[in-house]
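The values are calculated or read from the model by the stated rules, or taken from the named source; none is laboratory data. Since the model is a prediction, treat every value here as computed from it, not as a measurement. Note that we place each Cβ from the backbone using ideal geometry, even for glycine, and neighbour counts take in every protein chain shown. For the accessible areas, the whole protein counts, side chains as well, though only heavy atoms, and no ligand, DNA or RNA atoms are used. Shrake-Rupley method; radii C 1.70, N 1.55, O 1.52, S 1.80 Å.
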Amino acid sequence: MTGPHALKPLLLAFPGPLRDRLVGAVLSGEKTATTGLLVEYEAENEELPEAGERSALIDSAGREVAVVEVTEVRVLPLVEADLRLALDEGEGYRSVAKWREAHERFWHSEEMREGLGDPDFTVDDGTMLVVERFRVVEVLSPGVG
């Protein structure tokens, strides 16, 4: 843990253009939810976040740019992802199909499969998701852009 707050890091995607875009969307208030895979938490032996928990949003340069607070955590199968979630992810998706297509591309990426230790990892309707809703409680630096 780094920085004055010593908070758990909130890492969106992998460092690079996608993370920068997501961090910008959080800071602008467009992104109020994020979706991960339950299997990621299991692979890293990490506990699920809980409402009220705070973490430090990290940009691609490894800087803490904001403190965010979890407002809700839900575990649900991929088939139950809905339009509200697609919209709240703040990436411009206007349909669940487009949201799912982009997320599947990410979840099936080489980096993700490597992180999970499964070169053939694929998701399906029954794949369990961890949906976190959050709010920014403090901006620590100007962020990216």
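Below, the figures for the structure above:
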item: Part-to-part distance (alpha-carbon centres) for the range 42-57 and the range 71-108, which is given in Å; result: 19 Å
item: Residue among PRO17, ALA43, THR71 farthest towards the positive dipole end of the range 12-120, charges placed on Cβ; result: PRO17
item: FRET E, pair GLU40, ARG94, Förster distance 22 Å, beta-carbon r, rounded to 0.05; result: 0.25
item: Summed side-chain charge close to ARG135 - residues other than ARG135 whose Cβ falls under 13 Å, Lys, Arg +1, Asp, Glu -1; result: -4
item: Relative pair counts by distance (%), Cα atoms of the range 1-106, 5 Å bins; result: 2, 11, 20, 24, 24, 13, 3, 1, 0
item: Prolate/oblate/rounded label for the range 77-145 (Cα gyration tensor, a/c 1.5); result: oblate
item: Viscosity 0.692 mPa s, temperature 37 °C, Stokes-Einstein D of the range 15-71 from Kirkwood C-alpha radius, µm²/s; result: 262 µm²/s
item: The range 4-96 - accessible surface per residue (Å², probe 1.4 Å); result: 50 Å²
item: Nearest-20 debye value, the chain charge dipole, Cβ charges on Lys, Arg, Asp, Glu; result: 640 debye
item: Label-point separation in nm, VAL73 to LYS8, each point 7 Å along Cα→Cβ; result: 0.5 nm
item: Rounded to 5, percent antiparallel among DSSP beta bridges of the range 1-86; result: 60 percent
item: Folded to 0 to 90 degrees: helix 96-107 orientation relative to the chain principal axis, Cα; result: 80 degrees
item: Lys, Arg +1 and Asp, Glu -1 on Cβ, resulting dipole of the range 10-74 about Cα centre, debye, nearest 20; result: 360 debye
item: 12 Å beta-carbon shell around ALA66, net charge (K/R +1, D/E -1); result: 0
item: Along the chain, longest interval not containing exposed GluC sites (Glu not before Pro), exposed being DSSP loop plus at most 15 other Cβ atoms within 10 Å; result: 51-145
item: Percent carbon-and-sulfur accessible area, the chain, ignoring ligands, DNA and RNA, probe 1.4 Å; result: 50 percent
item: 222 nm mean residue ellipticity, helices alone, for the chain (DSSP H n ≥ 4; -39,500 (n - 2.57); rounded to 500); result: -8000 deg cm²/dmol
